[in-house]
Amino acid sequence: MLRPLLAVLFLFVSAPLWSFCGFYVAKADAKLFNKSSQVVIARKENRTVLTMSNDYQGEAKDFAIVVPVPVVLQKSQVHVGDPKIIERLDAFSAPRLVEYFDEDPCSPRVYEAMPAPTAAGPMRKSGSRADALGVKIEAQFSVGEYDILILSAKESSGLETWLQENGYKIPSGARDLLQTYIRQNMKFFVAKVNLEEFEQRGFTYLRPLQMAYESPKFMLPIRLGMANAEAEQDLVAYILSPQGRAEVTNYRTVKVPSDMDIPIFVKDEFGDFYKSMFQRAYQKEGKNAVFLEYAWDMNWCDPCAAEPLTQDELRKAGVFWLDGESNSNGKFAPVPQQNNVYLTRLHVRYGRPKFPEDLVFQTTPNRDNFQGRYVLRHPFKGPAECKEGRIYRQNLRTRMEQEAQTLAQLTGWDINTIRKKIGFTGPASKEKEESWWDKIFSDDDDDQKN
């Protein structure tokens, strides 16, 4: 069975700039979620490069996509991308687990804050039948292993009929959705797999498709992909911009819960933790919010779940403004060596009742860094016989109970089960309070021992 690496969208079959430090130990990448799509959008002014990947499972001959696009695309504007680039973006921006190790409370070290560094059957070519149905083939070409058509239409019924007659399986409910895009004067990017080319190249997966175009519309059509969806779907969008953080304008953009201390055992269950936490946050937000999982300048990261993408990798991801920018004379001027790229990772879980509109984006000047980050703090296990050490041990159980409570609130997991996994079965007991004489005698006791 063909199982492509990633996901396609539409199928018809403010913190200060200081170091977080800590050690990165695990990440929650897009592979955690079933029925997920990943798209990369590189956007500057009205120019866009859109990369679509897919998690389609089935025979290559049955694969087809229909994607609304704002303009007629020519062959030179469509490209077959490298799936490894999407994997790199996913790994770099994925929510992460970091761990710290408590210092000896009897000899603590002081750290200074670190500033941020500056398939399918053959397509019919009969124009007369298309004309009769009000469908126009605006462009037709092949790119790599894909046969591509760019269509326009007068009515959804004619477009639906033409697609069905040409081997596309249209789900029920698609006609009304098609009509909304026709009213917006949008075109339709239609792709199937050229089986001969696919087999000749020896692929075992479908590569992502990229398209470059100019349009004032900064949007992503998701409604057509819901027409044949049996359940809610996940979409991870990586938005690359020279400006700053991207957000959705027609739905709320909220941050995933972050910077929480959680029990150490979660290190072995991080995937289950993140899926449970995301589902609970999704429900609390009314199932109609878009979640910010990462927003950071591409030149650095802390802690890094993967190395930042190189300039060559960014170009493959669609970033077109790295080599230079045209000045008033139309000539290109060099840009600084640092990558002027800001990455925003947005995670959308969507279904028809809660997401009646396509996603509309905007970029902002906000370059504040954010990441979904969850912290493990390992206790100090040495003797720690000093006064500070005794206070540390008294507070440790209280801290562990708070971590258990936090985990239960984030995930909905049973608190007693969490406590058992930590190693205790009840809330922290009240420690014996320090007496008034301890405050004057404790230092003398230490001197007598010496």
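What follows draws every value from the coordinates through simple rules; no lab data is involved. Nothing here was measured: the structure is a model prediction, and the numbers come from that model. As a convention, Cβ positions derive from the backbone with ideal geometry for all residues, glycine included, and neighbour counts pool all protein chains shown.
List the pairs from Lys284/Lys421; Lys84/Lys421; Lys44/Lys84 whose alpha-carbon separation is above 30 Å, in the order I gave them. The partial results should precede the final answer.
Numbers: Lys284/Lys421 26 Å; Lys84/Lys421 37 Å; Lys44/Lys84 23 Å.
Among Lys284/Lys421; Lys84/Lys421; Lys44/Lys84, the Cα-Cα distance tops 30 Å for Lys84/Lys421.
Gain in length, Lys275 to Arg252, computed as 0.36 nm per residue apart minus the alpha-carbon separation, to one decimal in nm? It would help to have the intermediate numbers written out before the result.
Working: separation 23, 0.36 × 23 = 8.28 nm, distance 2.06 nm.
Extending this stretch completely gives an extra 6.2 nm.
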Q | Under 5 Å, built H, 5+ apart or other chain: amide partners of Met186 | A | none
Q | Pairs beyond 28 Å (Cα-Cα), from Lys255/Lys420; Lys27/Lys287; Lys287/Lys420 | A | Lys255/Lys420; Lys287/Lys420
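What does the net charge come to around Gln243 if you take all other residues with beta carbon closer than 11 Å to its beta carbon, with K and R at +1 and D and E at -1? Let's see the in-between values first.
Working: positive: Arg43, Lys44, Arg245, Arg367; negative: Glu45.
With Lys, Arg at +1 and Asp, Glu at -1, the net is +3.
Give the calculated FRET efficiency between Arg393 and Glu307 to the nearest 0.05, with a Förster radius of 51 Å applied to their Cβ-Cβ distance.
Numbers: r = 39 Å, r/R0 = 0.77.
Working from the Cβ atoms, E equals 0.85.
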